[in-house]
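Each remark here refers to the structure printed beneath this line.
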Amino acid sequence: MKSGIGNWIAGRWMPSDGVRFQSICPSTGTPFWEGKEATEAEVKGAVEAAGEAFAAWSQCPIEERCEIINNYQRLLEQQKESIANWIGLETGKPKWEALTEVQAMIGKVEHSIDSYHKRCQPLAYERGGVRSMTRF
């Protein structure tokens, strides 16, 4: 059984003081992972760190954001078998269904980037001699 190493907060693993728990595969009833719950203070720290990270992310140029997101897509592709195995253990889903979930995550990256670019362009419509413009 795999053991958790804490909570990912502010770009690093932090040990948790929470209550220990196990994750049990619903299709076999077998525990496959154990870790500790995050305490209220740990959750508060994670939310604060996420707020700070968002401020930095929002200042990041779109080209750099796309590079990071495309790298995420490559990592999903490289690790899709492992990710699908974990999804199967966590949910009890068969391998083929877990793989379709991972493939959907991979596919959503390109759609998300395309949607961003579409929403950053002004939209103009003309009806009945009236022109409307939406800027994002």
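Here, each number is a calculation from the coordinates, and none is a lab measurement. All values derive from a computational prediction rather than experimental measurement. Note that each Cβ is placed from the backbone with ideal geometry, even for glycine, and that neighbours are counted across all protein chains shown.
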log10 of Debye I(q)/I(0), alpha-carbon scatterers only, for segment 1-59 at 0.21 Å⁻¹ = -0.81
Debye log10 I(q)/I(0) for the chain, one point scatterer per Cα, at q = 0.22 Å⁻¹ | -1.26
Relative to the longest principal axis of the C-alpha atoms of the chain, give the angle of the C-alpha long axis of helix 80-91, reported between 0 and 90° and rounded to the nearest 10°.
-> 70 degrees
Partner lysines whose C-alpha sits under 25 Å from that of residue 108, ignoring same-chain residues fewer than 8 away, are 80, 93, 95, 118
Tilt, helix 95-119 to longest principal axis of the chain (alpha-carbon atoms), in degrees rounded to tens, equals 30 degrees
Which angle between 0 and 90 degrees, to the nearest 10, do you get for helix 40-59 versus the longest principal axis of the chain when only C-alpha atoms count?
-> 30 degrees
Note down the nm distance, to one decimal, between modelled labels 7 Å out along Cα→Cβ at residue 13 and at residue 64.
-> 2.8 nm
With contacts defined as alpha carbon pairs under 8 Å and 6 or more residues apart, what's the relative contact order of segment 1-59 in percent?
-> 34 percent
Paramagnetic reach from residue 135 in segment 89-125 [backbone N under 16 Å; point 7 Å along Cα→Cβ] | 119-125
Would you grab the residues whose amide H sits under 5 Å from the one on residue 16? Only those 5+ places off in sequence or on another chain, please, with H modelled 1.01 Å from N.
-> 7
